[in-house]
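These notes are about the structure you will find just below.
Rule-based calculations on the coordinates, nothing more; no lab input. Because the structure is predicted, anything quoted here is derived from the model rather than measured. So basically every Cβ, Gly included, is an ideal-geometry build from the backbone, and we count neighbours across all protein chains shown.
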Amino acid sequence: MPLVGHPGEGTGGCGDGCACGAERDDDAYECGLDPALAQLLTDAGLDPVEVEDIAHMAIEEDLDGGTDITTIATVPEDALATGDFTAREPGTVAGLRIAEALLSVVCTDEFEVERHVEDGDRVEAGQVLLSVRTRTRDLLTGERSALNLLCRLSGIATATREWADLLEGTKARVRDTRKTTPGLRALEKYAVRCGGGVNHRMSLSDAALVKDNHVIAAGGVAAAFKLVRQEFPDVPIEVEADTLHQVREVLDAGADLILLDNFTPAETEEAVALVRGRAALESSGRLTLATARAYAEAGVDYLAVGALTHSSPILDIGLDLRAEQ
């Protein structure tokens, strides 16, 4: 499938904060990615303009205002090659279309892609995920930035899938937190979805989460809840509870979701019995793969796992070059 990827052509350009230095007219601006690729990103719940911006910033970071000196010295300008993005270990893949987007902004000519798997698919070691044919210089210049994103996001998806598999058969879902890499939150939360998890709020403005410091500042957990409800009557409110007494307080106040912080599985069962479905419940803290099933079987709706995005190891993926004679 041919895709044109040249940020200087047509109506291309970047969004706010792009490192490429191009000026933009906000009224006339359109995403510079191939329309078909942009639509695939949109369908996945991603903003193609944001993806394009990240792609430009990643490439600019790698070039640092200069050029790829090794590639220019060793590769003829007109050389073509096919690169196979290949899994080095088994896992769940995420970020393939994002890798395509990054290559499309570095490639100076048309390039062709062959998609062998889709985001969210389980893959095996040695399996080819994506093949790209384009100028060899462009492919090598974009290789590391594309792999950085693809390996990172696939690592998150792989870790999330392990949690999701453990919870299968219960009503509980694993979900992320805001412990994400600055600038990559939308992509990392997308990777969680690819792994079978669900997303918590994307930002501080999506929903309220009353935590211990808010409780201290407001003078009590029920008081904190009431202040948020008064100021923002239409937003969902989650309240962190450290004890069963606090669970009773916020339940009586009308909380939509109660976060059970550092409860044991036995204490979690008590909280579930106390709430009796009048609010959703989320377990947080003390959660490991070894204990995940016990918390899920206690009857909570969610397990909050910040490690999905802040501590997941990458999935090892490499680029195997097939040079053309």
Practice task
Starting with the highest mean, order 312-322, 252-262 by the number of other Cβ atoms within 10 Å, averaged over the residues of each peptide.
Solution key: 252-262, 312-322
Completion exercise
FRET efficiency (residue 115, residue 202; Cβ distance; R0 30 Å; to 0.05) is 0.65
Practice task
For each of 119, 234, 47, count neighbouring Cβ atoms within 10 Å of the residue's Cβ, then give the residues from fewest to most.
Solution key: 234, 47, 119
Handout entry: residue 223 versus residue 286: modelled label distance in nm, points set 7 Å from Cα along the beta carbon direction
Key = 2.8
Completion exercise
Fewest to most Cβ atoms within 10 Å: 205, 283 sort as 205, 283
Handout entry: Average silhouette area of the chain, convex hull of alpha-carbon atoms, in square nanometres
Key = 19.0
Handout entry: Under Karplus coefficients 6.51, -1.76 and 1.60, residue-wise ³J(HN,Hα) of region 265-275 in Hz, glycine/proline x
Key = x, 5, 5, 5, 4, 4, 5, 4, 5, 5, 6
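Per DSSP H run of at least 4 residues, take -39500 (n - 2.57); add these up for the chain, divide by its residues and hand me the 222 nm value, nearest 500 deg cm²/dmol.
Helix contribution divided over all residues of the chain: -12500 deg cm²/dmol.
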Exercise for the section: Provide the gained length on full extension for the span residue 47 to residue 264, in nm with one decimal, where the gain is 0.36 nm per separating residue minus the Cα-Cα distance. Expected result: 74.2 nm
Handout entry: 13 Å beta-carbon shell around residue 168, net charge (K/R +1, D/E -1)
Key = +1
Problem - Average silhouette area of region 179-301, convex hull of alpha-carbon atoms, in square nanometres - result: 8.2
Practice task
Sort 272, 128, 51, 123 so that the residue with the fewest other Cβ atoms within 10 Å of its own Cβ comes first and the one with the most comes last.
Solution key: 128, 272, 123, 51
